[in-house]
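Okay, structure first, notes after.
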Amino acid sequence: MLKYLIIFEKTATGFSAYVPDLPGCIATGKTKAMVEKNILETIRFHLDGMKEENIKFPINTTDAETFVFAI
């Protein structure tokens, strides 16, 4: 099983997402739901291309946490 971190960002026109462990694997969408769908399709396409080219899948090297600060 593969596990990759996806970073979601709010933009001026909607949302964007990227996968730090898969360079070039990015997606956009007007809504978060749309960008989630798009990035999952992009990841599948990216990995299918790597498989077709006999390129090893990169291992997950990134992690994320969310911290809440009371100021």
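What follows draws every value from the coordinates through simple rules; no lab data is involved. These numbers come from a predicted model, not from an experiment.
Quick notes on this one:
- Integer Hz, Karplus 6.51/-1.76/1.60 couplings in order for the stretch 48-60, x for Gly and Pro: 4, x, 5, 5, 4, 8, 6, 9, 4, 5, x, 7, 5
- Hz values of 3J(HN,Hα) by residue in the stretch 21-31 - Karplus curve (6.51, -1.76, 1.60), Gly and Pro given as x: 7, 10, x, x, 8, 9, 8, 9, x, 6, 10
- Unit Cα scatterers, Debye sum, the chain: log10 I(q)/I(0) for q = 0.14, 0.19, 0.23 Å⁻¹: -0.49, -0.81, -1.03
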